[in-house]
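Visitor: Have a look at the structure that comes next, please.
The values are calculated or read from the model by the stated rules, or taken from the named source; none is laboratory data. Keep in mind that this is a model prediction, so the values were computed, not measured. No Cβ is skipped: glycine too gets one built from the backbone with ideal geometry, and neighbour counts run over all protein chains shown. Surface accessibility is based on the protein's heavy atoms, side chains included, excluding ligands, DNA and RNA. Shrake-Rupley method; radii C 1.70, N 1.55, O 1.52, S 1.80 Å.
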Amino acid sequence: DAGVTQSPTHLIKTRGQQVTLRCSPKSGHDTVSWYQQALGQGPQFIFQYYEEEERQRGNFPDRFSGHQFPNYSSELNVNALLLGDSALYLCASSLASGATDTQYFGPGTRLTVL
Amino acid sequence: QKEVEQNSGPLSVPEGAIASLNCTYSDRGSQSFFWYRQYSGKSPELIMFIYSNGDKEDGRFTAQLNKASQYVSLLIRDSQPSDSATYLCAVNMVSNYQLIWGAGTKLIIKP
C-alpha cells in the first residue's frame, strides 16, 4: 500500500522565482491538504483540494496556488518567491467519505529561497 | 482566533518513566483531536486520534480528552529513547476541513 509521496525532496530557488511541488496521495485517498512548516513551528494550513477544486484556504496570499488532477494527485505552486517562503512544505492526504478525517503526511519538500 | 496551545518544552523524562504531554484548545466546536510525532527534519507521523471524552489506549500510548475543560493529553508509558521527538497536537471541527496545530512539545527521553 503506497503512502503519500512528494517531489522533489529538496529545492533551492532564488527570490522572485516560481516553484512547483508535487504530491501523490495515499492509495484510496481523494483529498489533499498542503501545509507550510517553518522551523520550530507547527504546520500552517495552506489549502485543501477535493474533487479537483480548492475546498478551503488558509491565510496565505494568492502567490500560493494549487491544482488537483483526476487521479487525485496535486501540485502546489508558489510565485514570486520571498525569503520567508523558505520552509518544509507538507502534503497530507485523507478520505473525504471516510469515518475519520485522519490526515497522513508525505515526507515533505524542503524549500530554500536565497 | 482558533488556537491550540502546547508547552514548547523541552520535557525531559527518564527512560522507563511515563511522559505526559498536554494540549489545550480554544474552540468548543472542535470535534477531532490528533497527536502526531515529528522527528527532526522529518514529516509528522500520526500516533493517535480521539473523538470522545475519556481515554483511548494504543500500546504504550494513551490519549485523554476532556471537552468540558478543552484539553487533550498524551501519555507515553515505559518511555524509550526512540520516543524523543516533537509531539504535535492538532484539532479539527466538523464544519472546518483544516487542522489547527499547536507548535509542538519537544520530548527528550534520558537513558
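Visitor: When the Debye formula is applied to the Cα atoms of the range A:1-71, each taken as the same point scatterer, what base-10 log of I(q)/I(0) results at q = 0.23, 0.29 Å⁻¹?
Guide: -1.29, -1.47
Visitor: Could you give the nm distance between label points at B:Glu45 and B:Ala68, where each point is 7 Å from its Cα heading toward the beta carbon?
Guide: It works out to 3.7 nm between the two label points.
Visitor: What does the net charge come to around A:Leu21 if you take all other residues with beta carbon closer than 15 Å to its beta carbon, with K and R at +1 and D and E at -1?
Guide: In short, +2.
Visitor: Also, I was wondering about something else. Considering only protein heavy atoms, what per residue accessible area in square angstrom results for the protein assembly as shown with a 1.4 angstrom probe?
Guide: That works out to 48 Å² for each residue.
Visitor: If you take the accessible area of A alone, add that of B alone, and subtract the area of the pair, what total do you get in Å², probe 1.4 Å, to the nearest 100?
Guide: 1600 Å²
Visitor: Taking every residue in A:104-111, how many Cβ atoms of other protein chains lie within 10 Å of its Cβ, on average?
Guide: Across A:104-111, the average partner-chain Cβ count within 10 Å equals 3.
Visitor: Now for a separate question. Taking accessible area as the heavy-atom solvent-accessible surface of the protein chains with a 1.4 Å probe, which residues of the range B:69-110 lose no less than 30 Å² upon going from the isolated chain to the full protein assembly?
Guide: Residues shielded by partner chains are B:Tyr97, B:Gln98, B:Leu99, B:Trp101, B:Ala103.
Visitor: Right, something else. Need the full-extension length gain, A:Thr20 to A:Arg63, defined as separation in residues times 0.36 nm minus the C-alpha distance. One decimal, nm.
Guide: 14.3 nm
Visitor: So, one more: What net charge do the residues around A:Leu114 carry, taking every other residue with its C-beta under 14 Å from that of A:Leu114, with Lys and Arg at +1 and Asp and Glu at -1?
Guide: Once positives and negatives cancel, what remains is +2.
Visitor: Moving on to the next point. Using Cα centres only, tell me the gap between the range A:13-28 and the range B:50-101 in whole Å.
Guide: Cα centroid of the range A:13-28 versus Cα centroid of the range B:50-101: 30 Å apart.
Visitor: Putting +1 on Lys and Arg Cβ atoms and -1 on Asp and Glu Cβ atoms, find which of B:Gly41, B:Ala63, B:Gly16 reaches farthest to the positive end of the dipole of chain B.
Guide: B:Gly41
Visitor: Accessible area of chain A with a 1.4 Å probe: how many percent of it is carbon plus sulfur?
Guide: The computed percentage sits at 49.
Visitor: Which whole number of Å³ per residue matches the convex hull of the alpha-carbon atoms in the range A:12-114?
Guide: Taking the convex hull of the Cα positions in the range A:12-114, it is 94 Å³ per residue.
Visitor: Continuing with the same structure: Taking K and R as +1 and D and E as -1, what net charge do the other residues with C-beta under 14 Å from the C-beta of B:Val72 add up to?
Guide: -1
Visitor: Using the Cα centre of the protein assembly as shown as the reference point, and only Cβ charges (+1 on K/R, -1 on D/E), how large is the resulting charge dipole? Debye, rounded to the nearest 20.
Guide: That gives a dipole near 540 debye.
Visitor: For the protein assembly as shown, just list the percent of Cα-Cα distances falling in each 10 Å bin from zero outward, please.
Guide: 8, 33, 35, 20, 4, 0
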